[in-house]
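Take a look at the structure set out below.
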Amino acid sequence: MSEAKFRSSARRKFLQDSAALGGAAALGGFAPTIARAQAQKVKVGLMLPYSGTYTQLGIAIENGFRLAIAENGDRIAGREIEYVKLDDESNPAKATDNANKLVTGDKVDILVGTVHSGVQAGMLKIVRETGVLHIGPNAGLNAMTTALCAPNMFRTSFANSQVSYPMGKVLAERRVKNAVTLTWKYSAGEESVNGFKDAFTKGGGKIMRELWIPFPNVEFQSLLTEIASLKPEAVYVFFAGGGAAKFLRDYQAAGLKGKIPLYGAGFLTDGILEAAGVAEAAAGVETTLHYGDGIDTAKNNAFRLSYAKAYKLQPDVYAVQGYDAGLLFVAGMKAVKGDIGNKKAMIAAMEKAEIDSPRGRWRMSKAHNPVQDFYLRKVVGKENKVIGVAAKALDYPPARLCRMA
Amino acid sequence: MDLGTFLIQVLNGVQYGLLLFLVASGLTLVFGIMGIINLAHGSFYMIGAYLAWSLSQHFGSLGLAILAGVVLTVLIGMALEWLLINKLYHRDHLYQVLLTYGLILVFEELRSVIWGNDVHGVAVPEWLSASIRLTDTLAYPVYRLWISAVCLVLAVLMYLLIQRTRLGMMIRAGASNREMVQSLGINIQLVYRLVFALGVALAAFAGMIAAPVSSVFPGMGNQVLIICFVVVVIGGIGSVKGAMAGAILIGLVDTFGKIVQVEIAGFRVLPELAGMTVYLLMAAVLLWRPEGIFGRRL
Amino acid sequence: MSGAAMSGDVLVEARGIHTYYGASHVLHGVDFSVRRGETVGLMGRNGMGKSTLLRSILGLVRPREGRVTVNGRDMTRAAPHEIARAGIAYVPEGRGIFPNLSVRENLMMAARPGAGGRREWSFARVVETFPRLAERMNHGGGQLSGGEQQMLTIGRALMTNPDMLILDEATEGLAPLISREIWNIIRRIKEAGIATVIVDKNFNAVSGIADRAQILVKGTTVYEGSSAELRAQPDLHAKYLGV
């Protein structure tokens with residue numbers, strides 16, 4: 001018994017050693033070692049919210065990621081995948097500890113996550129310190145692909161300003177002269193307003209007033225009164241989830257709907273149109289996002305069908321981001337023939353990968369943020385109907401803000 | 001800002017303040033009379049909102065949902081006092097904070113199990129769903145005015161209950177000398193149970209009538225709890241009159257804090273500091289009167 | 001006279017009371033009883049256990065051993081409000097008025113029929129008994145003078161139509177003139193047929209009004225007998241009560 005145990009642990013030790021040698025061996029062409037190293041599973045760390053407000057988002061991202069892997073037959077470049085899941089609780093205070101647990105404790109080969117920007121910021125600290133491969137499937141903090149960018153960090157979602165920039169561009173092109181902005185006073189809100197403002201003022205528009213409300217306060221009445229007295233030609237807002245639902249209903253109840261057109265980042269109308277009265281309140285609201293309803297491409301249709309089959313759920317933008325994170329990972333793994341220890345080659349492959357996403361084809365910018373199309377969508381019934389492309393292959397905030405570029 | 005807009009903003013502030021009063025009054029009553037710091041008070045606001053949502057779907061009427069919800073929350077309040085809270089009367093505030101914080105977690109988890117984590121909207125009853133057009137761009141929802149009216153009526157009822165009825169006298173007497181009240185043959189335990197249930201029901205009721213305008217979402221109680229503590233501290237801990245003054249003051253300051261632009265040396269101070277205005281107000285009031293506006297001298 | 005009482009006459013009876021405050025043993029098996037309409041002086045120096053005995057009977061502290069009956073009903077484990085409702089009213093040391101209630105409210109909140117459904121002490125009769133309070137009906141309890149507060153506490157106790165009134169240091173700290181007024185009131189209460197237990201430092205006043213006296217020393221009874229007999233034994237007085 002004890003002898004058997006000894007032997008098996010000795011064997012594991014050998015495998016670990018040879019895995020560590022993997023990189024060097026590849027250069028020396030020492031093939032047998034590689035083969036043995038690859039018999040070990042690749043550990044994927046999923047650090048996502050599995051409790052709290054963002055639970056559904058975490059689940060959608062994981063579902064999407066797993067679907068992309070499953071479409072490749074569960075083994076990628078001959079290597080089996082092992083998932084290590086960790087609930088980040090959307091709690092920024094625990095973010096670095098949680099990330100550390102996965103990276104140095106579980107020794108994951110790649111860390112995937114997360115939803116909440118504050119938690120993401122904590123994760124990035126560990127990711128930058130340890131150099132572990134990392135894919136961010138949602139949080140849009142600009143810094144991740146500007147000031148804090150790093151070679152081992154990739155994002156398959158968006159940057160906050162990137163989503164709002166196309167909306168400003170569209171309004172400027174429509175010769176809208178002035179607008180009022182309104183959002184929560186926190187970094188995502190500020191970045192969103194800044195992107196809108198940049199495009200809108202560049203195109204000749206003028207921001208009449210920037211209105212703020214403390215996060216996550218939802219008492220909008222006084223701000224709506226102010227908007228009514230300012231009478232701008234357009235109102236741009238950034239809200240999400242419950243706050244967005246309430247804002248839309250309040251906007252209607254305050255009699256502003258139909259008087260002053262409302263625009264927003266796509267999150268304003270995503271995932272809430274099923275709630276009572278929201279679809280009606282949101283009818284006609286135009287938003288920009290990298291995904292939407294009615295993208296009639298073979299790829300999107302196939303994705304929606306297999307996602308619905310696998311999970312008995314309709315996919316949303318978060319599922320797409322998770323799916324693309326999976327595709328990016330697969331692309332890298334295939335390029336290095338499963339030798340994920342060869343980080344340099346893996347990173348190079350991920351940088352070059354063209355992702356055939358349900359949202360449309362896209363590539364990484366030099367800052368490792370998607371260069372992607374943004375759709376102009378309009379709320380029709382309970383759908384965010386895609387009515388056009390607001391910006392093609394948008395690289396924003398400009399990759400030059402990242403020192404890798 | 002023209003006069004018309006100013007007056008509408010005052011109305012907004014008062015209206016928000018009245019709703020805050022409803023939640024804060026329960027908090028201040030339970031603290032002032034029973035000496036219990038109830039951190040879970042905000043959870044009852046959330047529970048009220050979720051009850052309004054689920055019961056109004058069941059009954060098809062918000063009015064019935066509120067009626068059933070109030071009965072239910074009074075019972076919940078009494079059960080909680082009986083099971084847990086009455087163990088805390090002779091304990092340090094630290095134990096109260098620990099237990100009631102635990103209750104927040106329990107209620108959040110229960111909410112998640114029973115109702116899920118989704119955001120829900122509650123429809124405004126048909127007869128209150130109109131808006132009154134005030135200017136060419138602005139209308140005022142009738143439902144908001146109705147909320148204000150209901151809050152005012154409840155405030156008057158509460159005043160009468162506490163100042164004019166024998167139960168009110170017993171409640172106030174209990175706040176000053178619990179043992180003496182017992183020795184006069186009054187079941188103080190029962191009085192406390194009623195007061196706690198009243199506090200719970202007030203918070204839940206506020207959540208119910210606010211549900212159509214505030215949406216129903218996880219964690220909504222914690223937001224309210226913090227602002228209500230500010231109201232209670234400003235008004236004077238334990239004073240219902242103070243809760244009213246504090247709530248209206250907070251309502252107005254919050255409203256104008258969000259919209260007034262003040263520049264100092266070229267820097268916008270408001271609304272950059274909008275999130276802080278109510279806390280700055282609290283700090284100012286406490287420097288002026290550490291016991292709060294209507295608080296008893298400490 | 002002692003021992004002649006029929007058990008039916010006994011209103012309150014405490015037997016073998018042992019009470020502790022934390023680790024300190026305050027009462028060591030005290031017996032104490034009051035008959036209907038009887039006035040009992042409970043005596044002893046400070047810290048001998050008088051208040052503790054009263055509080056044990058009232059259910060405000062729990063005796064570790066012993067038994068308390070009121071009107072023959074076992075009340076040892078009863079809640080304070082149940083004991084009060086059995087007909088016992090309490091005027092505590094330090095008075096215990098509600099300063100945040102008006103004089104009127106202090107009286108009104110206590111009003112209820114007595115244990116046997118008696119309603120002799122109406123609001124009007126109490127006000128009549130304490131004309132000083134009538135002038136101050138709408139003042140806050142906290143605004144009254146010490147003597148007025150004492151009258152209010154006694155008046156409030158009467159509003160409950162009690163069978164027995166416990167007066168713990170009712171004249172403490174009062175000017176002589178006011179004290180005399182209080183003693184007159186106590187006499188009127190006695191005449192009204194309400195049993196009273198009096199704890200007071202004024203030996204002459206207590207023994208003058210009480211039918212019976214009981215002296216406690218370190219939590220045990222050292223004397224129990226008629227007031228008249230006690231007055232006739234100045235040596236006992238000096239031994240147990242002198243300062």
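The GNM of chain A, with springs linking C-alpha atoms under 10 angstrom apart, assigns the highest mean-square fluctuation among A:Asn63, A:Asn369, A:Asn300 to A:Asn300.
For the pair the range B:1-74 and the range A:133-168, the centres of their Cα atoms are 40 angstrom apart. Projected label points at A:Arg75 and B:Trp288, each 7 Å from Cα along the beta carbon direction, are separated by 7.7 nanometres. For the range B:1-26, list residues with backbone N below 18 Å from a point placed 7 Å from the Cα of A:Lys206 toward its Cβ? Residues passing the 18 Å test: B:1.
Principal-axis analysis of the Cα atoms of chain C puts helix C:176-191 at an angle of about 80° to the longest axis. Computed from Cα positions, the angle between helix A:160-173 and the longest principal axis of chain A comes to roughly 40 degrees.
For a straight C-alpha distance cut-off of 24 angstrom, the lysines reachable from A:Lys231 (same-chain residues fewer than eight places away being disregarded) are A:Lys169, A:Lys177, A:Lys185, A:Lys197, A:Lys202, A:Lys206, A:Lys246, A:Lys257, A:Lys259, A:Lys378, B:Lys258. The angle separating the long axis of helix A:317-335 from the principal Cα axis of greatest extent in chain A is about 30 degrees.
Between C:Glu224 and C:Tyr21, the FRET efficiency estimated from the beta carbon spacing at R0 = 25 angstrom works out to 0.55.
Quick check on packing: order A:243-250, C:136-143, A:145-152 by the mean number of other C-beta atoms within 10 Å, highest mean leading.
Averaged packing, sorted descending, gives the order A:243-250, A:145-152, C:136-143.
Paramagnetic label reach from C:Arg67 (point 7 Å along Cα→Cβ; backbone nitrogen cut-off under 16 Å): within the range C:7-29, residues C:7-8, C:10-18, C:29.
Pairs exceeding 20 Å between alpha-carbon atoms, taken from C:Lys190/C:Lys218; A:Lys107/A:Lys344; A:Lys125/A:Lys352: C:Lys190/C:Lys218; A:Lys125/A:Lys352. So, counting K/R as plus one and D/E as minus one, what does the shell of residues with Cβ under 14 Å around B:Pro218 add up to? Net charge in that neighbourhood comes out at -2.
The mean count of C-beta atoms from other chains within 10 Å of the C-beta of residues in A:275-282, rounded to a whole number, is 4.
Exposure proxy for A:Lys334, B:Lys241, A:Lys344: other Cβ atoms within 10 Å of each Cβ, ordered fewest to most, give A:Lys344, A:Lys334, B:Lys241. Here the protein assembly as shown is treated with +1 on each Lys and Arg Cβ and -1 on each Asp and Glu Cβ, and its dipole about the Cα centre works out to around 1000 debye. For the range B:54-109, the pair-distance distribution built from all alpha carbon pairs, in bins 10 Å wide starting at 0, is 21, 36, 26, 14, 2 percent.
For A:Lys312, give me every one of the lysines with a C-alpha distance below 24 angstrom, ignoring sequence neighbours fewer than eight places off in its own chain. Within the straight-line limit of under 24 Å, A:Lys312 reaches these lysines: A:Lys85, A:Lys299, A:Lys382, A:Lys385.
Just subtract the alpha-carbon distance of A:Ala393 and A:Leu313 from 0.36 nm times their residue separation and send over the number in nm, one decimal. The span from A:Ala393 to A:Leu313 would gain 25.9 nm if fully extended.
In chain C, taking the dipole from charged Cβ atoms about the Cα centre, the farthest positive-side position among C:Ala192, C:Val34, C:Ala111 is held by C:Ala111.
Fewest first, what order do C:Ser226, B:Ser43 take by the number of other Cβ atoms within 10 Å?
C:Ser226, B:Ser43
Tally Lys and Arg at +1 and Asp and Glu at -1 over the other residues with C-beta under 11 Å from the C-beta of C:Arg36: what net charge comes out? Around C:Arg36, the charge tally is -2. Put a dot 7 Å past the Cα of C:Asn184, heading toward its Cβ, do the same for C:Asn202, and the two dots end up 1.2 nm apart. Averaged over the residues of peptide A:250-256, the number of Cβ atoms from other protein chains lying within 10 Å of each residue's Cβ is 6. Which one of A:Met167, A:Ala405, A:Trp184 is farthest out on the positive end of the charge dipole of chain A, using unit charges on Cβ (Lys, Arg +1; Asp, Glu -1) and the Cα centre as origin? Of A:Met167, A:Ala405, A:Trp184, it is A:Ala405.
In a shell of Cβ-Cβ distance under 12 Å around A:Thr156, excluding A:Thr156 itself, what net charge do Lys and Arg (+1) and Asp and Glu (-1) give? Combined, the nearby Lys, Arg, Asp and Glu give +2.
Checking Cβ-Cβ separations below 4.7 Å across the protein assembly as shown identifies B:Cys151, B:Cys228 as cysteines lacking any candidate disulfide partner. Amide H to amide H, with H built 1.01 Å from N, C:Thr220 comes under 5 Å of C:His28, counting only residues 5 or more places away or on other chains. Overall, the anisotropy analysis places the protein assembly as shown in the prolate class: the square-rooted eigenvalues a ≥ b ≥ c of its C-alpha gyration tensor yield a/c not less than 1.5, with a/b exceeding b/c.
Using alpha-carbon pairs under 8 Å, 6+ residues apart, how would you state the relative contact order of the range A:142-213 in percent? Over the range A:142-213, the number comes to 38 percent. Take the alpha-carbon centre of the range A:180-217, take the same for the range B:129-165, and report the distance between them in whole Å. The distance from the Cα centre of the range A:180-217 to that of the range B:129-165 comes to 33 Å.
Per-residue counts of other Cβ atoms within 10 Å, averaged by peptide: what ranking do you get for C:88-96, A:256-264, highest first?
Values: C:88-96: 22.7, A:256-264: 20.2.
Result, highest mean Cβ count within 10 Å first: C:88-96, A:256-264.
For the pair C:Asp9 and C:Arg112, a Förster radius of 35 Å applied to the C-beta separation gives a FRET efficiency near 0.90, rounded to the nearest 0.05.
How many partner chain Cβ atoms sit within 10 Å of a residue's Cβ in peptide C:40-47, on average, as a whole number?
If you average over the peptide's residues, the count of other-chain Cβ atoms is 0.
Distance between the 7 Å Cα→Cβ label points at B:Val260 and C:Gln143: 3.8 nm. For chain C, relative contact order (Cα pairs under 8 Å, six or more residues apart, normalised by length) works out to 26 percent. When a/c reaches 1.5 or more, the comparison of a/b and b/c decides; with that in mind, is the range B:85-178 rounded, prolate or oblate per its Cα gyration tensor? Oblate shape, in that a/c is at least 1.5 and b/c is the bigger or equal ratio. Ordering A:Thr288, A:Thr297, C:Thr221 by the number of other Cβ atoms within 10 Å of each residue's own Cβ, fewest first, gives A:Thr297, C:Thr221, A:Thr288. Inter-part distance, the range B:91-128 to the range A:316-343, computed on C-alpha centroids, equals 40 Å.
Per-residue ellipticity at 222 nm from helix content only, as computed over the protein assembly as shown with -39500 (n - 2.57) for each DSSP H run of at least four residues, stands at -15500 deg cm²/dmol. Membrane-span-like helices of chain B, defined as complete DSSP H segments with a Cα extent of 24 Å or more along the helix axis and a mean Kyte hydropathy of at least 1.0, are identified as B:3-34, B:62-83, B:93-115, B:142-164, B:188-214, B:240-259.
Throughout, read-outs are computed from the coordinates displayed, never taken from laboratory work. Keep in mind that this is a model prediction, so the values were computed, not measured. When we count neighbours, we look across all protein chains shown, and the Cβ atoms used for this are built from the backbone with ideal geometry, even at glycine.
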